[in-house]
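The values are calculated or read from the model by the stated rules, or taken from the named source; none is laboratory data. These numbers come from a predicted model, not from an experiment. Positions of Cβ are backbone-derived with ideal geometry, glycine not excepted, and every protein chain shown enters the neighbour counts. Ligands, DNA and RNA are excluded from the accessible area calculation, which covers all protein heavy atoms including side chains. Shrake-Rupley method; radii C 1.70, N 1.55, O 1.52, S 1.80 Å.
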Amino acid sequence: MILRLQIPIPSITPNPLNTLKSHLSLPAATSTSTDSGLKFRQKLIYLQSLNVNPTKAINENPTLRSVPLSTIYSVTHCLFSMGLDSSALGRILDMYPLLLTSDPYSDIYPIFDFLLHTVEIPFPEIRKSIIRCPRLLVSDPETQLKPTFEFLTQLGFTGPNKLTSQTTLLLVSSVEFTLIPKIEYLVELGFEYDEVRNMVLRSPGLLTFSIENNYKPKVEYFLNEMKGDLEEIKKFPQYFSYSLERKIKPRNRMLMEHGFSMHLSDMLKVSDGEFRARLIEMQLQLVEDRQ
């Protein structure tokens, strides 16, 4: 893929790559060394300096054994230039060791170019997108990111609802196997398509939740135990973002014990302390009403 525009590369002072080299006291002429054992050891030391597990990395990416250290340097320099700090870089490379042997110009920069020019994420925000969803760095722009972006655009993620560094993680989802099934599930519950569309635009996280592990158990509990009306979920789709076991069930039980009820938003959006305070207020009000 040919980059349409020159991606701005911020200057880094001091250069983290040089700092790491200096810290490790690596020989300046490793490329001319004939000692393959020394080269391999230097590679392991460098990976460790990045907080990458060398054993795990080589097991998942055997090519690491043979690539020169300069290849890894080029990858780390590319990611550093995009604003990633050492801690984020190490976490990402340990998570996706295949990146360590990638070609920045054919594999990584096109992804930054896509985020910058197609999705139109501001350059300072791209770092946040990558930290929030490192999988973006191992997703092909043409075959994976672009089709999903086009689907999300048609769904309504444009203008004031356009993708941001907080929602670009949606780009790694499969349209056919992830996004459409979730939309269809919500429609099958009884919502109109436009209602579902508005729900996901208001709460994009809905497209990241598991149907089996999130939607189904929470819908079942809401309808059967809470005797709720789906209109409430339409108004407060964030219901699906709260833990069923740690928040929804305990708070509903407390309300039921006292014969009280609350709107979903009032029940879930507040802290534990504020929820208890509201419960006490409702009890006091009940006593006053009975007098």
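Data table
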{"quantity": "Evaluation of Glu231 against (1) of a type outside the set (Gly, Ala, Ser); (2) surrounded by 18 or more Cβ atoms within 10 Å (Cβ to Cβ); (3) modelled with pLDDT under 95 (one fails), failing number", "calculated": "(2)"}
{"quantity": "Matching residues in region 38-91 - criterion: being outside any helix (DSSP H, G or I) and either more than 19 Å from Lys128 (Cα to Cα) or of a type in the set (A, V, I, L, M, F, W, C) (or both)", "calculated": "Leu50, Asn51, Val52, Asn53, Asn61, Ser66, Val67, Pro68, Met82, Leu84"}
{"quantity": "Selected residue [without any contact (Cβ under 8 Å) to a residue 40 or more places away in the chain and closer than 22 Å to Pro62 by Cβ] from Asp107, Asp94", "calculated": "Asp107"}
{"quantity": "For Gln283: the one exception among (1) part of a helix (DSSP H, G or I); (2) under 28 Å from the mean Cα position of the chain (by Cα)", "calculated": "(2)"}
{"quantity": "Residue satisfying all of: in region 27-56; at pLDDT 70 or above and hydroxyl-bearing (Ser, Thr, Tyr); least open to solvent (accessible area, probe 1.4 Å) among these", "calculated": "Tyr46"}
{"quantity": "Helices (runs of 4 or more DSSP H) contained in region 92-208 and holding at least 1 residues open to solvent by 50 Å² or more (accessible area, probe 1.4 Å), touching a Ser or Thr at 6+ places or on another chain (Cβ under 7 Å) and not basic (Lys, Arg)", "calculated": "123-132"}
{"quantity": "Hey, Val67 hydrophobic (A, V, I, L, M, F, W, C) and under 17 Å from the mean Cα position of the chain (by Cα) or not", "calculated": "no"}
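One line per residue, one yes/no per condition, for (1) touching a helix residue (DSSP H, G or I) at 6+ places or on another chain (Cβ under 9 Å); (2) free of Cβ contacts under 8 Å to residues at least 24 places away in the same chain; (3) under 23 Å from Ser210 (Cα atoms):
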| position | (1), (2), (3) |
| --- | --- |
| Ile233 | yes, no, yes |
| Gln238 | yes, no, yes |
| Ser241 | yes, no, yes |
| Arg246 | no, yes, yes |
| Glu257 | no, yes, no |
| Met262 | yes, yes, no |
